[in-house]
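The values are calculated or read from the model by the stated rules, or taken from the named source; none is laboratory data. This one's a predicted model, so the numbers in the text were calculated from it and none came from an experiment. So basically every Cβ, Gly included, is an ideal-geometry build from the backbone, and we count neighbours across all protein chains shown.
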């Protein structure tokens, strides 16, 4: 009986946190539909790296993907929209890396608040370690602005050991985490010196229309759920994600040119959107149906980045293992949460290693 009560309490807390976090607007988005069509390159320039990335991702899945959680066939995991085949050496190296990369993983909105309720068993980090890649979590404020979190990232990097401080640094940001990264490397050039690559994974580069009517005070409730490890910080998280704020930031800032930029875009079929994201998916669909339940697809692209993939996964499935904690999660609000995240992350790092060695 006690065990059942604990499970129900855990589930209730997860539901509370994620419903507030990801459905924090009850109003209809009034933003006019944008005419931007990313794949036709009308307004955003990018390099199309999807053909080669597909080869690498498929090779990882075929070689050891079934030994990792949430295996899917490559054809199911990726979306093919006018994707060109890679013309070059089709072999994929899957051995231990000879590079000395340090990989900083920057989580998204409210991660600190709900991390304890997720089955975050570091399988992605341990899988990378098995192939010689050193990945670490660079934790930032879950409820704070990009300015606040950029300062925290500066501190993370400044606090690295003398040995680590000379290693080539790859920063990978999920959701709001990419906005925090872009602010940090622009505001603090001293920490950007060793950064060789920045990756957006379902990143809120251009913000989200959902943030326009969202209520920060409701988001702050996540600081009070059981086992939450976050505080209110400067309470600027949602304002940082408003499209007008993000677009103005992009217009006024020049990203460091010595860094290579990459984007992985969540672009799910509607049938792949979890029940818990259906409401926000439908709200965003009034702006553009090509969304992942939190972000429209073109708002996930770093300007002039290499586009690695359109991924058939919703916003949660890209990075947050909601369904691994309890089977009831998988059967209810997170019913489309299974995705081979570990293999995806490995493929991202392997692509960058190959790309930068050319």
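Could you tell me which residue of the stretch 75-93 is surrounded by the most Cβ atoms within 10 Å (Cβ to Cβ), considering only residues that are in contact with a strand residue (DSSP E or B) (Cβ under 7 Å, 6 or more places away or on another chain) and at pLDDT below 95? So the residue we want is 79. Would you check if residue 259 is more than 17 Å from residue 214 (Cβ to Cβ), in contact (Cβ under 8 Å) with a residue 60 or more places away in the chain and buried (at least 24 other Cβ atoms within 10 Å of the Cβ)? No; evaluated as a whole, the condition is false for this residue. A single entry from 15, 5 fulfils the requirement of being under 24 Å from residue 230 (Cα atoms) and either surrounded by fewer than 18 Cβ atoms within 10 Å (Cβ to Cβ) or modelled with pLDDT under 50 (or both): 15. Here residue 213 meets each of (1) within 22 Å of residue 284 (Cα to Cα); (2) surrounded by fewer than 19 Cβ atoms within 10 Å (Cβ to Cβ); (3) at pLDDT 85 or above with one exception, condition (3).
Taking helices (runs of 4 or more DSSP H) as the structural unit, those lying wholly within the stretch 94-166 and holding at least 2 residues that are free of Cβ contacts under 8 Å to residues at least 40 places away in the same chain and surrounded by fewer than 18 Cβ atoms within 10 Å (Cβ to Cβ) correspond to 123-130, 146-158.
Just one of the listed residues (179, 184) is surrounded by 24 or more Cβ atoms within 10 Å (Cβ to Cβ), within 14 Å of residue 241 (Cα to Cα) and in contact (Cβ under 8 Å) with a residue 12 or more places away in the chain, namely 179.
Of all residues in the stretch 266-288, those being out of contact with any strand residue (DSSP E or B) (no Cβ under 6 Å at 6 or more places or on another chain), more than 15 Å from residue 310 (Cα to Cα) and either exposed (fewer than 15 other Cβ atoms within 10 Å of the Cβ) or touching a residue at least 40 places away in the same chain (Cβ under 8 Å) (or both) number 10.
Each residue in the stretch 122-136 was checked for being modelled with pLDDT under 95 and touching a helix residue (DSSP H, G or I) at 6+ places or on another chain (Cβ under 8 Å), and 2 pass.
Listed here are the residues, each with its yes/no results for (1) closer than 22 Å to residue 53 by Cβ; (2) in a helix (DSSP H, G or I); (3) over 23 Å from the mean Cα position of the chain (by Cα).
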position	(1), (2), (3)
83	yes, no, no
90	yes, no, yes
172	yes, no, no
179	no, yes, no
